[in-house]
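Undergrad: Have a look at this one before I ask anything.
The values are calculated or read from the model by the stated rules, or taken from the named source; none is laboratory data. Computed from a predicted model, the values in this text were never measured in an experiment. As a convention, Cβ positions derive from the backbone with ideal geometry for all residues, glycine included, and neighbour counts pool all protein chains shown. Just the protein is used for accessible areas: all its heavy atoms, side chains included, with ligands, DNA and RNA removed. Shrake-Rupley method; radii C 1.70, N 1.55, O 1.52, S 1.80 Å.
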2 protein chains.
Amino acid sequence: MTVLDHRKRLPSADRRQQILDVSARLFVERGYEAVTMGEIARALGVSRPTIYSYFTSTEAVLDVLLQERLHDLLGRLEPLLSGARMRPAPGAEPPSLIAAVFRFLLGECDTLALLHSGGGPTFQARRSAFLNDLGARLQLNPALQIRRNPALLLIVTTLLDSLAFRAATDPGVDTEQLVRSLDAFVRGGVGPWLDDPCLDGPPLEE
Amino acid sequence: MTVLDHRKRLPSADRRQQILDVSARLFVERGYEAVTMGEIARALGVSRPTIYSYFTSTEAVLDVLLQERLHDLLGRLEPLLSGARMRPAPGAEPPSLIAAVFRFLLGECDTLALLHSGGGPTFQARRSAFLNDLGARLQLNPALQIRRNPALLLIVTTLLDSLAFRAATDPGVDTEQLVRSLDAFVRGGVGPWLDDPCLDGPPLEE
């Protein structure tokens with residue numbers, strides 16, 4: 001008998017959580033679309049019907065995983081976004097919201113990896129929905145005056161998500177330098193909008 | 001008989017190309033990791049041994065696809081990166097290399113979709129390798145003085161790739177506004193490095 005004998009009869013809530021945890025690991029290790037219900041059952045040493053008594057499909061497993069983990073992530077991000085220390089003292093430069101949010105995301109490796117574990121259209125749509133949700137929260141923050149421009153919001157959320165994932169999966173990245181560089185980059189990048197909050201994208205020279 | 005009868009005996013090179021084209025479509029439609037050699041055979045109406053006589057695995061199909069299409073893409077990007085019109089006239093602001101590269105990527109929907117069709121670690125490693133290759137070419141261009149900072153290069157390449165993919169797959173995006181906004185954003189973002197090419201990331205206030 002192994003230390004953790006998955007076949008042992010578990011309370012329903014524990015079994016459900018076990019399925020979720022093992023599925024998340026398999027999705028990340030093999031790519032979400034590669035994983036079948038049979039493989040989740042095999043990894044847990046239980047029968048397929050056992051898995052099906054909790055979830056109707058791997059898509060249902062994914063939906064619960066993303067819903068729970070992203071909801072949890074956004075909940076923990078909230079204090080950063082709404083915290084008093086984000087309000088600049090009069091005359092002082094605002095503390096860096098972008099650096100704080102990016103550092104936070106770098107600490108969320110597991111959720112980021114799950115959010116990037118698939119490649120099909122329905123999976124991509126789920127990631128887009130999360131980024132839109134993140135953007136909706138970011139644009140409410142007065143330290144980032146990006147509410148006027150949907151394109152700017154798309155740029156900032158895409159950058160935060162994809163860069164944090166790339167940094168979290170590439171051991172060669174100097175994360176400290178990356179945080180500093182990203183902070184300077186985004187400050188400079190949103191500069192034109194801070195000078196003119198009504199900016200709708202400057203004209204391009206041809 | 002259908003208009004395109006895949007079972008017809010084809011010259012070897014045509015059959016190989018047919019397998020590549022159908023596989024690329026399946027990878028994008030279903031997610032790379034979901035596709036098996038049997039499904040590629042079924043989609044073409046040929047036997048599995050026929051597919052195996054050309055490729056040993058779906059990974060081998062993917063490698064050839066990425067190698068051919070990304071090499072082709074980088075080849076077509078080269079004139080943009082090295083073209084004479086990228087050299088600014090004395091005293092004039094340089095034409096926007098970022099806007100030009102981003103517009104180019106937006107026109108490469110199929111290759112972008114393929115490059116984002118997987119979610120497993122080996123797939124992600126392939127995308128990272130391409131982005132590093134893109135970065136190596138970008139940093140040679142004098143119009144973008146980002147050669148001094150690997151973090152800045154990581155930021156710009158990640159942003160270009162992920163944003164172009166997100167824009168190409170979301171019909172709600174106003175691409176014209178996005179190009180203008182991205183151009184202003186990146187110009188502002190690289191500003192601190194243009195002022196000080198030796199910048200290694202400014203200190204963050206705590």
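Undergrad: Which ³J(HN,Hα) values, rounded to whole Hz and listed in residue order, are derived for region A:103-109 from phi using the Karplus coefficients 6.51, -1.76 and 1.60 in 6.51 cos²θ - 1.76 cosθ + 1.60 with θ = phi - 60°, glycine and proline given as x?
TA: For region A:103-109, the Karplus curve yields 4, 4, 5, 4, x, 10, 3 Hz.
Undergrad: Probe radius 1.4 Å, ligands and nucleic acids left out: which of B:R25, B:R15 has the largest accessible area, and how do the rest follow? Could the numbers behind the result be given before it?
TA: On the way: B:R25 110, B:R15 15 Å².
Putting B:R25, B:R15 in descending order of accessible area: B:R25, B:R15.
Undergrad: Same structure again: Averaged over its residues, how many other protein chain Cβ atoms are within 10 Å of peptide B:158-165's Cβ atoms?
TA: 5
Undergrad: Once Lys and Arg get +1 and Asp and Glu get -1 on their Cβ, which of A:L26, A:T36, A:T50 lies farthest toward the positive end of the dipole of region A:12-52?
TA: About the Cα centre, the residue reaching furthest to the positive side is A:T50.
Undergrad: Report, as an integer, the average count of C-beta atoms from other chains found within 10 Å of each Cβ along B:68-78.
TA: Values: counts 0, 0, 0, 0, 0, 0, 0, 0, 0, 0, 0.
Mean inter-chain Cβ contacts per residue within 10 Å come to 0.
Undergrad: With θ taken as phi - 60° and the coefficients 6.51, -1.76 and 1.60, list the Karplus ³J(HN,Hα) couplings across region A:9-18 in order, rounded to whole Hz; mark glycine and proline as x.
TA: Per-residue couplings from phi come out as 6, 10, x, 3, 5, 5, 4, 4, 5, 4 Hz.
Undergrad: Could you state the per residue volume, in Å³, of the convex hull enclosing the Cα atoms of region A:12-52?
TA: Roughly 57 Å³ of hull volume per residue.
Undergrad: Next up: Multiply the residue gap between A:S47 and A:D72 by 0.36 nm, knock off their C-alpha separation, and tell me the result in nm, one decimal place.
TA: Using 0.36 nm per residue and subtracting the Cα-Cα distance, I get 6.0 nm.
Undergrad: Still on this structure: Compute the distance from the alpha-carbon center of region B:49-75 to that of region B:110-129, in whole Å.
TA: 13 Å
Undergrad: Now for a different question. Ignoring ligands and nucleic acids, what accessible area does B:D72 show with a 1.4 Å probe (Å², nearest 10)?
TA: Around 80 Å² of this residue is reachable by solvent.
Undergrad: Continuing with this model, one more query. If you place +1 on the Cβ of every Lys and Arg, -1 on the Cβ of every Asp and Glu, and leave all else neutral, what size is the dipole of region B:12-52 about its Cα centre, to the nearest 20 Debye? Write out the running numbers ahead of the final one.
TA: On the way: 6 positive and 5 negative charges, 25 e Å.
Using Cβ point charges on Lys, Arg, Asp and Glu, region B:12-52 gives about 120 debye.
Undergrad: Let me know the mean shielding of B:113-122 by other chains, meaning the per-residue number of their Cβ atoms within 10 Å of its Cβ.
TA: Neighbouring Cβ atoms belonging to other protein chains average 6 per residue here.
Undergrad: Follow-up question, since we're still on this one. Just to check I understand the Karplus step: with θ = phi - 60° and J = 6.51 cos²θ - 1.76 cosθ + 1.60, what whole-Hz values come out for region A:24-30, glycine and proline as x?
TA: 4, 5, 5, 4, 6, 5, 10
Undergrad: I would also like to ask the following. Put a label point 7 Å from Cα along the Cβ direction on A:A129, then list its distances to the equivalent points in the other copies in nm, shortest first.
TA: Once sorted, the set of distances for A:A129 reads 3.4 nm.
Undergrad: Also: Would you please give the residues with an amide H less than 5 Å from that of B:Y54, counting only those at least 5 places away or on a separate chain, with H modeled from the backbone geometry?
TA: Under 5 Å from the amide H of B:Y54: no residue qualifies.
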